[in-house]
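Report on one structure; see the data block that follows.
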Amino acid sequence: MASHSNAEQEEPTKGFPTTDSKSDVEEDVDSDVDEEEMKKWLSTTYERGSKKPMKEPLTAPWGLPISDADVEKLKVGFKSQSMDDKWDMLIEDPDENGNISLHIIRSWLEEECYILHIAPKPSNDDGGSAKIQSITWEGNKAGLQCDAEQAKKEAVILSRGHLGCKFETLPQYPSSTFWDPSAYKKLDAE
């Protein structure tokens, strides 16, 4: 059996360096990124021409009624905060008729993949709701193309996952639906 000494042994110190100097603190305050740049980077507002345009945009009508709660969630959008976030969902300012567009963008590549064109709730009190009037999607994803139904499912999955939208009139799609290889066809090489 091994014997242990009763003498106290000094533990190595494990600490973090401290910054007591005022110049260290001032350096952090005067960083290269100013407050306006940070606000712009975190903003969920879509700026025309700020992202790579779609190579082959395809558009299809939709006419999907959406709840007021879903409209509000879509208007908030989503901006990736880390490299783990793969999508940005940026909202374009309303046009003269109040129509808005939600741009769903691959965050790292800054490429638009889907655009939901949303018409506001009618101003009269007939019980109407806001609608996703149409969808535009990238028609050439690395030489592959899906149809409108697949593009709609993918946009819904992303909106539900990132924004918490319900889209009550649509079924729940399994995650395997997203980028389902059988839903894509190979484009002819030119």
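FYI, it's all coordinate maths here, none of it is from the lab. Please read these numbers as outputs of a predicted model, since none were measured by experiment. No Cβ is skipped: glycine too gets one built from the backbone with ideal geometry, and neighbour counts run over all protein chains shown.
Data for the structure
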item	result
Furthest towards positive pole of dipole, ILE132, MET89, VAL156, structure part region 56-190, Cβ charges	VAL156
P(r) weight above 25 Å for region 45-186, C-alpha pairs, percent	23
At R0 = 25 Å, FRET efficiency that the Cβ-Cβ distance of PHE178 and LEU58 yields, to 0.05	0.90
For region 45-186, size of Cβ-based charge dipole, Lys and Arg +1, Asp and Glu -1, in debye	480
Greater than 19 Å apart at Cα, pairs in LYS75/LYS166; LYS52/LYS86; LYS121/LYS152	LYS121/LYS152
Estimated FRET transfer efficiency (LYS121, ALA148; beta-carbon r; R0 30 Å; 0.05)	0.80
Span from the region 139-155 Cα centroid across to the region 74-94 one, whole angstrom	20
R0 of 41 Å, Cβ-Cβ distance LEU187-ALA69: FRET efficiency to nearest 0.05	0.60
Protection proxy ranking of 175-181, 154-160 - average other beta-carbon atoms within 10 Å, highest first	154-160, 175-181
